[in-house]
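What follows is a short report on a single structure.
The values are calculated or read from the model by the stated rules, or taken from the named source; none is laboratory data. Everything numeric in this text was worked out from a predicted model, so none of it was measured. Counting neighbours? That spans all protein chains shown, and the Cβs are built from the backbone with ideal geometry, glycine included. With ligands, DNA and RNA removed, areas are computed over all heavy atoms of the protein, side chains included. Shrake-Rupley method; radii C 1.70, N 1.55, O 1.52, S 1.80 Å.
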Amino acid sequence: MTAKTAALSVDGNSVDLKIKQGTIGPSVVDIAPLYKDTGMFTFDPGFTSTASCESQITYIDGDEGILLYRGYPIEQLAEHGDFLETCYLLLEGKLPTAQEKSDFDYRVTRHTMVHEQLLRFFHGFRRDAHPMSIMVASVGALSAFYHDSTDINDPKQRMIASMRMIAKVPTLAALAYKYHVGQPFVYPQNDLDYTSNFLQMCFAVPCEEYKVNPVLSRALDRIFILHADHEQNASTSTVRLAGSSGANPFACIAAGIACLWGPAHGGANEAALKMLEEIGTVDRIPEFIARAKDKNDPFRLMGFGHRVYKNYDPRAKIMQKTTHEVLNELGIKDDPLLEVAMELERIALSDEYFIEKKLYPNIDFYSGITLKAMGFPTAMFTVLFALARTTGWIAQWKEMIEDPAQKIGRPRQLYTGAPRRDYVNINQR
Ligand code: CMC
């Protein structure tokens, strides 16, 4: 069978470009030889039509609302698995056997403490520092402490760095939280599972016994599964681009955290909750819907819309169910924020503007209500996202480093600045 090609005509000359086919999803036109053959670049700001790499990790069908990790539907993983199983799956490409799972859990658990000296970093921050700023700094700082796992050309060091980050990022996140609320730091407790340990590092205090609520731990574990990876989104692409220069993995993940912080990306869960609080009561929803539709108003419904999903975000469905479970467990009845959220969703989903633009609730729409009910302040929401996404970033970074065709990422541009001109001495300008 002859390979499919796409013909591009430039000034009457035809250039044949190879079409590459994945296992599922849209094919891609391989434009790598375009500059050599035509002297032209392609132009796609925001990468709306550009596949930046080949990957075997995560697949999204945005029209159908499908999300697969290594081929497995997110719904099945969230219902039957746990977060560390998802980590193993993303990193290794297969579900672990019982023995592999217990070995993996053991290895992650043995890396949960951070270097004692790193704790001193925290005291240098202002008390009102945003926990995400502390995360960017402290995850980047891991490279100053774990020199023995920064050689990216050594597979063993890559593996140890991966384990360290999956294990230590929750510890750093809990430290950021404790510093934020002014409570003493709590060390990890290795007889607890991953998510229960994280909850105890956040919520235990030295003056009383803390018992992890298994329903909340399971719910948070599921939230971590939902956030673990999401294909070539902005922060993942940032991690890949940073890693393509050969930077050490801790620095690359810190770059991903910085990118995730923005309100159009991971910061949306914090923004969505603030928006629900600002709306406050159901009767004010029409006012906010009108603002979201007004071209002259920069306001957007946070937690709505997605670059890829033009259907209900499959993660949002699971998140909505989790929200109800958590509120039930905590005996929170008639939560006004949940009431506003559900009514807002109902109105938006029947509004012509949102239907026409295919704007559906995304994962961030319900996550804030759930995390708030669990006791996390809004400033921690994106930190929890970063904690879970660390695994996806690492899997994507490893895949890139292990690809023999990997080279430094270097996009080009359409230059629209001044053409060549001569320097004019300052007294003659
Ligand atoms: N509220 C009102 N209008 C919207 C919204 C919204 N939330 N999102 C998109 N639109 C409109 C937008 O004004 C545009 O209209 P027009 O075609 O008339 O100019 C159209 O829909 C397409 O929007 P876009 O900005 O071109 O789409 P995008 O793919 O560049 O942006 C997005 C995707 C997620 C940044 C955007 O939908 C948004 O800002 N949503 C709110 C923030 C949010 O919830 N982000 C979380 C994303 S999911 C988690 C994650 O990835 O981290």
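Test D37 against the criterion of being surrounded by 10 or more Cβ atoms within 10 Å (Cβ to Cβ), out of contact with any strand residue (DSSP E or B) (no Cβ under 6 Å at 6 or more places or on another chain), among the acidic types (D, E) and touching a residue at least 12 places away in the same chain (Cβ under 8 Å), and give yes or no. Talk me through it step by step, then tell me what you get.
On the way: surrounded by 10 or more Cβ atoms within 10 Å (Cβ to Cβ): yes; out of contact with any strand residue (DSSP E or B) (no Cβ under 6 Å at 6 or more places or on another chain): no; among the acidic types (D, E): yes; touching a residue at least 12 places away in the same chain (Cβ under 8 Å): yes.
Considered against the rule, which asks whether it is surrounded by 10 or more Cβ atoms within 10 Å (Cβ to Cβ), out of contact with any strand residue (DSSP E or B) (no Cβ under 6 Å at 6 or more places or on another chain), among the acidic types (D, E) and touching a residue at least 12 places away in the same chain (Cβ under 8 Å), D37 comes out as no.
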Hey, does the range 116-132 have a residue that's closer than 30 Å to Q320 by Cα, assigned to a helix (DSSP H, G or I), touching a residue at least 24 places away in the same chain (Cβ under 8 Å) and not charged (D, E, K, R)? yes
In the range 1-28, the residues that are among the polar types (S, T, N, Q), under 30 Å from the mean Cα position of the chain (by Cα) and open to solvent by 60 Å² or more (accessible area, probe 1.4 Å): Q21, T23
Can you pull out every residue in the range 399-429 that is touching a helix residue (DSSP H, G or I) at 6+ places or on another chain (Cβ under 6 Å) and either open to solvent by less than 100 Å² (accessible area, probe 1.4 Å) or in a helix (DSSP H, G or I) (or both)? M400, Q406, G409
Within the range 258-287, which residues are more than 30 Å from Q232 (Cβ to Cβ), within 27 Å of the chain's Cα centre (by Cα) and free of Cβ contacts under 8 Å to residues at least 60 places away in the same chain? E278
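Any residue in the range 157-172 that is part of a loop (DSSP other than H, G, I, E, B) and among the charged types (D, E, K, R)?
no
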In the range 52-75, the residues that are part of a loop (DSSP other than H, G, I, E, B) and open to solvent by 70 Å² or more (accessible area, probe 1.4 Å): S52, E54, Q56, D63, E64
Pairs, please: C-beta under 6 Å, at least 6 apart or cross-chain, first residue farther than 16 Å from H230 by Cα and in the range 67-82, second open to solvent by less than 50 Å² (accessible area, probe 1.4 Å)? D82/D221
By residue number, the members of the range 301-310 that are near the ligand (Cβ under 7 Å from one of its atoms) and more than 9 Å from L359 (Cβ to Cβ) are M302, G303, R307
Identity of the residue in the range 177-198, in contact (Cβ under 8 Å) with a residue 60 or more places away in the chain and outside any loop (DSSP other than H, G, I, E, B), that ends up surrounded by the fewest Cβ atoms within 10 Å (Cβ to Cβ): V181
Report yes if some residue within the range 322-344 is within 14 Å of I289 (Cβ to Cβ) and open to solvent by 40 Å² or more (accessible area, probe 1.4 Å); otherwise report no. yes
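Conditions (1) over 30 Å from G246 (Cβ atoms); (2) under 17 Å from the mean Cα position of the chain (by Cα), marked per residue:
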site: A373; (1), (2): yes, no
site: F381; (1), (2): yes, yes
site: L387; (1), (2): no, yes
site: K398; (1), (2): no, yes
site: I401; (1), (2): no, no
site: Q406; (1), (2): no, no
site: Y423; (1), (2): yes, no
Residue within the range 335-352 that is among the hydrophobic types (A, V, I, L, M, F, W, C), within 14 Å of the ligand (Cβ to nearest atom), in contact with a Phe, Trp or Tyr (Cβ under 6 Å, 6 or more places away or on another chain) and at pLDDT below 90 present: yes
Just to confirm my filter: which helices (runs of 4 or more DSSP H) fall fully inside the range 201-299 and include at least 2 residues that are open to solvent by less than 10 Å² (accessible area, probe 1.4 Å), more than 16 Å from the ligand (Cβ to nearest atom) and more than 29 Å from A129 (Cβ to Cβ)? none
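Could you tell me whether any residue of the range 317-330 is part of a helix (DSSP H, G or I) and closer than 20 Å to T281 by Cβ?
yes
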L371 - would you say it is within 15 Å of the ligand (Cβ to nearest atom) and not in a helix (DSSP H, G or I)? no
